[in-house]
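Heads up: the structure comes next, in structure tokens.
The values are calculated or read from the model by the stated rules, or taken from the named source; none is laboratory data. As the structure is a computational prediction, the values presented were derived from the model and not from experiment. Note: ideal-geometry Cβ built from the backbone for every residue, glycine included; neighbour counts use all protein chains shown.
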Amino acid sequence: MQGYGQPNLNTTIVKGLYIPVPSKEEQLEIVQYLEEKTTDIEALIIRKEELLSELDSYKKSLIFEYVTGKKEAPL
């Protein structure tokens with residue numbers, strides 16, 4: 001069904017398109033780079049989640065201390 005979804009686009013036009021593809025070596029370099037960056041990003045996410053957890057624990061501790069009277073609000 002030529003041009004069914006896009007009336008001005010058909011298989012002849014698509015066949016004539018030039019799509020540059022990097023060499024296998026360059027593709028592997030790209031993959032390696034992305035894997036390294038993904039690992040770095042995942043490590044950062046884990047660290048930020050740890051920090052958020054620590055802050056949440058600290059917040060709960062402060063709330064507990066004020067509620068139980070162990071600490072008084074500053075004037």
Check your understanding: In the list K37, K48, which residue meets the criterion of being surrounded by 10 or more Cβ atoms within 10 Å (Cβ to Cβ), under 30 Å from K71 (Cβ atoms), under 32 Å from the mean Cα position of the chain (by Cα) and not acidic (D, E)?
Key -> K48
Practice item. Can you confirm whether region 5-16 contains a residue that is of a type in the set (A, V, I, L, M), at pLDDT 95 or above and surrounded by 10 or more Cβ atoms within 10 Å (Cβ to Cβ)? Key: no
